[in-house]
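A.B. asks: Sharing a structure here in structure tokens format.
The values are calculated or read from the model by the stated rules, or taken from the named source; none is laboratory data. What you are looking at is a predicted structure, and each value in this text was computed from that prediction instead of being measured. Heads up, the Cβs are rebuilt from the backbone with ideal geometry, glycines too, and the neighbour counts pull from every protein chain shown. Accessible surface areas use protein heavy atoms only, side chains included; no ligands, DNA or RNA. Shrake-Rupley method; radii C 1.70, N 1.55, O 1.52, S 1.80 Å.
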Number of protein chains: 6
Amino acid sequence: MEHKVAVFRKEHFNAAHRLFCAEWTTEENLAVFGPCANPNYHGHNYELIVQVNGVPDPKTGFVINTKDLSTIVKEEIVSRFDHKNLNLDTDAFKNLNPTAENIAIVIYNLLRPRINKDLELKIRLYETERNFVDYPA
Amino acid sequence: MEHKVAVFRKEHFNAAHRLFCAEWTTEENLAVFGPCANPNYHGHNYELIVQVNGVPDPKTGFVINTKDLSTIVKEEIVSRFDHKNLNLDTDAFKNLNPTAENIAIVIYNLLRPRINKDLELKIRLYETERNFVDYPA
Amino acid sequence: MEHKVAVFRKEHFNAAHRLFCAEWTTEENLAVFGPCANPNYHGHNYELIVQVNGVPDPKTGFVINTKDLSTIVKEEIVSRFDHKNLNLDTDAFKNLNPTAENIAIVIYNLLRPRINKDLELKIRLYETERNFVDYPA
Amino acid sequence: MEHKVAVFRKEHFNAAHRLFCAEWTTEENLAVFGPCANPNYHGHNYELIVQVNGVPDPKTGFVINTKDLSTIVKEEIVSRFDHKNLNLDTDAFKNLNPTAENIAIVIYNLLRPRINKDLELKIRLYETERNFVDYPA
Amino acid sequence: MEHKVAVFRKEHFNAAHRLFCAEWTTEENLAVFGPCANPNYHGHNYELIVQVNGVPDPKTGFVINTKDLSTIVKEEIVSRFDHKNLNLDTDAFKNLNPTAENIAIVIYNLLRPRINKDLELKIRLYETERNFVDYPA
Amino acid sequence: MEHKVAVFRKEHFNAAHRLFCAEWTTEENLAVFGPCANPNYHGHNYELIVQVNGVPDPKTGFVINTKDLSTIVKEEIVSRFDHKNLNLDTDAFKNLNPTAENIAIVIYNLLRPRINKDLELKIRLYETERNFVDYPA
């Protein structure tokens, strides 16, 4: 669609996590996840970029007001994950391994109901500046 | 097309602007645009990334010479918008709200005639490092 | 002092400005300031880094709580300059040329009374990623 | 595919190169490639981002383990190109102009056999922060 | 000393931590440290810049070989803190609040014996891109 | 001096180099410089930050006009080193090992005569984002 514009808003949260599979032994977890399986957790500064695609409103010139988008992201994501232990302090990762892939999918599913259905939504999540993911691909 | 490559060139310009809708009252403008509606303007360091997609020339190995692309962007965009007031000093935004969305569309339309028709064109515009847009989406 | 630590907090504001000397003609202003003298203003995303030096408190481990420092910077600087025209909307630059040098000095003088006298204060201000200043040097 | 996630891993290598077309005269090369044709070479810090798209494994939560991806990139790309002269020290560019476009295609072709066929692969290569390419586009 | 050069090497580690003062109640800790006192920890991508000042060796042109400096930092700091819980997994912060200030001092004290006495040492530690410290100031 | 301000201007150049000591054997050079001694050279995107300290002029508000500073840096440094082989194409490094330390000292000595004697000068040179130097320290 030539007339659609993508709007991006960047937010961040800092959290602890560990990666492990409950069905596996400690050795199996270390073999797959290495130091990311540390039982006492480690952590990251997560940088989150939320993308919303749509046709700009002719009066405002906005696809979505980034102030509103920022408010939604803070309400749904930052307040839920910032300065938290993803494994212990959140419902989302009680039974789901908090890999960057899964965190991005969870964020997408939390934001999707808050964004107008006519607008496409996409998530980019930086775990570090060297490791990051997009969902959907 | 597996054999197409996207080439990106980054340029920048610094400009003043304000966001407002001429049909609305001051109160309505403030309600929608907040401090961005300040009548005396504010400003940004705009970072512009121009993307051109095509098949590299077998002799040069270039989709497009980035020196040439840089020259085109400076002639059409930087010379027009850098150190300007977008609302007052440019024809493009005399009657168009200079949101990031609209600036990206204007830049696309200014550059499109200068780029070979066989090449696809896409614009990314950073208003700040936290707010940016792509056109087309 | 080997035991002093420097603490840095980064904030930002977006503003319009123009550079000119009221005693000079338009031609003289253009000769010195070039497009920065544009009468209709241009603008920047200013990145501000406030540095506070002191000995960490033995109980908290803080030289200064960066949450408190952030609050002070928002009260004194961001609320005053963000989304403003520095020349028209602020007392500080009614009669002072808003160069990066002068903005940094003004910011220092606004923050100095809000920071404990035992702590040293230093300002870094990015006008763009290519032009920035420190005060005091 | 709504359920696919893109995983990105960033690596880097520093290399010398020159751009030129063996069929052309020195003058023709300078006309097209400018200082990039300098016979004694110049160089870059290349930043490489490898993107792999797929459905996360239900147990690990990984599309691909980024440790494994990093190892593959170091074995195939960094060990081959880092601290090398691309024109003189590598087979890939003996008869191929080492433009960013061609380097990205070569990297894609070197990595493709090492990545599971069910996963899509995409390369982003920064020659400088102002010039970069994606392959495939 | 006009002839001294400062050499900087950047490394990184990802860790979990919490801020709290054992002498205080939970309420007092929350009042001072806010969400940083979360009992289940949060985490950061710490970026560490180690600065070494001295006169370059006339033969090598090096103040210190940055490969050697990198090795020292990995042995003393990264292997100790990366993918760890600073409060639980390290001796250094068993009884010391892991603020950025204290982490920088601990890093300085760990590295100081490994760097030649004729060379000055300074630490910069980024807890986030918005909060960072230097030691000594 | 409380009233002095430091002004910084960022420029860049891309160059090839190799590190080696002419008095040493190939083996000795490899032992000290590793892959940086590659006889066919490698290269970098050098980022250069020139710092000038002084008291702002009361009329202009400038310590130094950054446009003038940029012109001086382009004339003395960028035109000399950009898209060059530092070892082969420059007088400065015919008999001097082009380490970051030595390049920074050479840049300082080239710029010092072009900057007013009342102003202090300092050079920061990034060889990569992980390795950089300041001169004087």
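A.B. asks: Checking an interface number: how much accessible area is buried between F and D, summed over both chains, with a 1.4 Å probe, in Å² rounded to 100? List each step's numbers first, then the result.
C.D. replies: Details: alone 8420 and 8440 Å², together 15090 Å².
Adding both sides of the contact gives about 1800 Å².
A.B. asks: Based on DSSP loop calls and a cut-off of at most 15 other Cβ atoms within 10 Å, the longest stretch of chain B free of exposed trypsin sites (Lys or Arg not before Pro) is what?
C.D. replies: Working: sites that count: B:LYS59, B:LYS94, B:LYS117.
It works out to B:1-58.
A.B. asks: With a bin width of 10 angstrom, please list the P(r) values of the protein assembly as shown as percents of all Cα-Cα pairs, from the 0 bin to the one holding the largest distance.
C.D. replies: 2, 12, 21, 27, 24, 12, 2, 0
A.B. asks: Please compute the net charge surrounding D:HIS83, taking Lys and Arg as +1 and Asp and Glu as -1 over other residues with Cβ under 15 Å from its Cβ.
C.D. replies: Details: positive: D:LYS74, D:ARG80, D:LYS84, E:LYS67, F:ARG18, F:ARG130; negative: D:GLU11, D:ASP82, D:ASP89, F:GLU127.
Taking every other residue near D:HIS83 into account, the sum is +2.
A.B. asks: Treating the point 7 Å from Cα along Cα-beta-carbon as the label, what are the nm separations from D:ARG130 to the other copies, to one decimal?
C.D. replies: 0.7, 2.6, 2.8, 2.8, 3.1
A.B. asks: When chain A is turned about an axis onto chain E, which of its residues keeps its C-beta closest to that axis, and how many Å is it?
C.D. replies: Nearest to the symmetry axis by Cβ: A:GLY43, 0.
A.B. asks: Within chain A, which whole H helices from DSSP have a Cα span along their axis of at least 30 Å and a mean Kyte-Doolittle hydropathy of -1.0 or more, if any? Please report the intermediate quantities before stating the final value.
C.D. replies: Working: long enough: none.
In chain A, no H run is both long and hydrophobic enough.
A.B. asks: To one decimal in nm, how far is B:LEU88 from the same spot in the other copies, if labels go 7 Å from Cα toward Cβ? Please give the shortest first.
C.D. replies: 0.6, 5.5, 5.7, 5.8, 6.0
A.B. asks: Continuing with this model, one more query. Let's test the formula: R0 of 35 Å, r as the Cβ-Cβ distance of D:ASP118 and C:GLU129. What FRET efficiency results, to the nearest 0.05? Show your work: numbers first, answer last.
C.D. replies: Details: r = 41 Å, r/R0 = 1.17.
The formula returns an efficiency of 0.30 here.
A.B. asks: Please report the carbon-and-sulfur percent of the accessible area for the protein assembly as shown; probe 1.4 Å, protein heavy atoms only, DNA, RNA and ligands left out. Walk me through the numbers on the way to the answer.
C.D. replies: On the way: 17510 of 34120 Å².
Ligands and nucleic acids excluded, carbon and sulfur give 51 percent.
A.B. asks: Okay, moving on. What residues does the range A:57-75 have that are buried by at least 10 Å² of accessible area in the full protein assembly compared to the chain on its own, 1.4 angstrom probe?
C.D. replies: For the range A:57-75, once contacts with the other chains are taken into account, A:LYS59, A:THR60, A:GLY61, A:PHE62, A:ASN65, A:THR66, A:LYS67 lose 10 Å² or more.
A.B. asks: Further question on the same structure: Let me spell out the model: positive unit charges on the Cβ of Lys and Arg, negative unit charges on the Cβ of Asp and Glu, origin at the Cα centre of the range F:1-102. What dipole size does that give, in debye rounded to 20?
C.D. replies: 380
A.B. asks: Calculate how many DSSP beta bridges within chain C are antiparallel, expressed in % of all such bridges and rounded to the nearest 5. Don't jump to the answer; show the numbers that get you there.
C.D. replies: Numbers: 24 of 26 bridges.
Within chain C, antiparallel bridges account for around 90 percent of the total.
A.B. asks: Do the alpha carbons of any pairs in C:LYS10/E:LYS59; C:LYS10/F:LYS10; F:LYS4/F:LYS67 sit beyond 31 Å of each other, and which pairs?
C.D. replies: Details: C:LYS10/E:LYS59 41 Å; C:LYS10/F:LYS10 20 Å; F:LYS4/F:LYS67 20 Å.
Violating the 31 Å Cα-Cα cut-off are C:LYS10/E:LYS59.
A.B. asks: At B:ASN40, label 7 Å along Cα→Cβ: distances to the other copies, nm, ascending?
C.D. replies: 1.9, 4.9, 5.5, 5.5, 6.2
A.B. asks: May I ask you to derive the relative contact order of chain A, considering only C-alpha pairs under 8 Å and at least 6 residues apart, and to give it as an integer percent?
C.D. replies: On the way: 218 pairs, mean separation 41.9, N = 137.
Relative contact order for chain A comes out at 31 percent.
A.B. asks: What are the GluC sites (Glu not before Pro) within the range B:1-43 that DSSP puts in a loop, where the Cβ has at most 12 other Cβ atoms within 10 Å? Show your work: numbers first, answer last.
C.D. replies: Working: sites: B:GLU2, B:GLU11, B:GLU23, B:GLU27, B:GLU28; in loops: B:GLU2, B:GLU23.
Answer in residue order: B:GLU2, B:GLU23.
A.B. asks: Kindly report the accessible area of the range E:1-100 per residue (heavy atoms of protein chains, probe 1.4 Å, no ligands, DNA or RNA), in Å².
C.D. replies: Solvent-accessible surface per residue comes out at 42 Å².
A.B. asks: So which residues in the range A:82-108 end up with at least 50 square angstrom less accessible surface once the other protein chains are there, compared with the chain by itself, probe 1.4 angstrom?
C.D. replies: A:HIS83, A:GLU101
A.B. asks: Charges at C-beta only: +1 for Lys and Arg, -1 for Asp and Glu. How large is the resulting dipole of the protein assembly as shown about its Cα centre, in Debye rounded to 20? Show your work: numbers first, answer last.
C.D. replies: Values: 96 positive and 114 negative charges, 0 e Å.
The dipole magnitude comes to about 0 debye.
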